[in-house]
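The values are calculated or read from the model by the stated rules, or taken from the named source; none is laboratory data. Note that the structure is predicted; figures quoted are calculated from it, not measured. Every residue, glycine among them, receives a Cβ derived from its backbone with ideal geometry; neighbour counts consider all protein chains shown.
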Amino acid sequence: MRVLLVVGARPNFKKIAPVYRGSFEHDPVDCKIVHTGQHYDYEMSQVFLEDFELPKPGFFLNSGSGTHAVQTAKTSGT
């Protein structure tokens with residue numbers, strides 16, 4: 001089974017950490033992190049990956065900053 005855990009803002013990192021770790025208890029689960037890129041600097045992103053001992057995201061969507069519509073368009077690939 002493949003599982004994608006999508007994170008974009010600070011609360012998401014805390015929420016996915018136990019799910020990510022729990023995926024190791026169920027074989028075969030291929031669990032990857034998808035980072036929307038909504039929060040992309042160290043203090044808003046990388047620090048939480050480190051604090052919650054999460055790996056580098058498997059996918060980075062690079063939505064960056066902008067209005068809600070701009071971020072959604074970048075994330076969805078349109």
For residues that are touching a helix residue (DSSP H, G or I) at 6+ places or on another chain (Cβ under 7 Å) and over 12 Å from Ala9 (Cα atoms), scanning just the range 42-55, find the one that is surrounded by the most Cβ atoms within 10 Å (Cβ to Cβ). Leu54
Restricting attention to the range 21-46, which residues are of a type outside the set (Lys, Arg) and touching an Asp or Glu at 6+ places or on another chain (Cβ under 9 Å)? Ser23
Looking only at residues that are surrounded by 12 or more Cβ atoms within 10 Å (Cβ to Cβ) and more than 25 Å from Val70 (Cβ to Cβ) in the range 1-18, which one is farthest from the chain's Cα centre (by Cα)? Val3
Matching entry among Phe13, Phe24, Phe48 (being modelled with pLDDT of 85 or more, hydrophobic (A, V, I, L, M, F, W, C), assigned to a helix (DSSP H, G or I) and in contact with a strand residue (DSSP E or B) (Cβ under 7 Å, 6 or more places away or on another chain)): Phe13
What are the residues in the range 51-78 that are at pLDDT below 85 and of a type in the set (D, E, K, R), if any? Lys74
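I'd like the residue in the range 27-41 that is more than 12 Å from the chain's Cα centre (by Cα), in contact (Cβ under 8 Å) with a residue 12 or more places away in the chain and in a loop (DSSP other than H, G, I, E, B) and, out of all such residues, is farthest from Ser63 (Cα to Cα).
Residue satisfying both the conditions and the ranking: Pro28.
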Would you mention how many residues in the range 1-19 are more than 21 Å from Ser63 (Cβ to Cβ) and of a type in the set (D, E, K, R)? 1
Cβ-Cβ below 6 Å, separation at least six or inter-chain, first residue in the range 42-54 and among the β-branched types (Val, Ile, Thr), second surrounded by 13 or more Cβ atoms within 10 Å (Cβ to Cβ): which pairs? none
